[in-house]
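The values are calculated or read from the model by the stated rules, or taken from the named source; none is laboratory data. Bear in mind that the values here come from a model prediction, so they are computed numbers and not experimental data. Every residue, glycine as well, gets a Cβ built from its backbone with ideal geometry; the counts of neighbours run over all protein chains shown.
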């Protein structure tokens, strides 16, 4: 998946909220909609964006569709962010050292 697709999907507060809820386990679109002041169809549209970005997976069980997090996509996000994390850790370490030296 392209980074711009993933980060575009992560850029909306409702989609971030959906992902947070899915941390606790699988949910249906209706179950997710109960957490927002949105219709089930609006939540389904957000789920479509998250599915397209491969951040969530869909599983059919009878008439219901359950959504869950896709760990592989989050690993990819982590890999893209790792160089920036390393950069900021190094900068903060240098700042801490400068402050210590000034004491």
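Conditions tested, residue by residue: (1) closer than 16 Å to residue 73 by Cα; (2) modelled with pLDDT of 95 or more.
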site: 6; (1), (2): yes, no
site: 26; (1), (2): no, yes
site: 29; (1), (2): no, no
site: 39; (1), (2): no, no
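Taken over region 1-29, the criterion of being loosely packed, with under 14 Cβ neighbours inside 10 Å, touching a residue at least 12 places away in the same chain (Cβ under 8 Å) and under 12 Å from residue 67 (Cα atoms) is satisfied by 23, 25.
Out of all the residues in region 34-89, which are closer than 18 Å to residue 24 by Cβ, without any contact (Cβ under 8 Å) to a residue 24 or more places away in the chain and assigned to a loop (DSSP other than H, G, I, E, B)? Across region 34-89, the qualifying residues are 34, 35, 36, 70. Taking the listed residues 59, 51, the one that is surrounded by fewer than 12 Cβ atoms within 10 Å (Cβ to Cβ) and in contact with a strand residue (DSSP E or B) (Cβ under 7 Å, 6 or more places away or on another chain) is 59, with no other qualifying.
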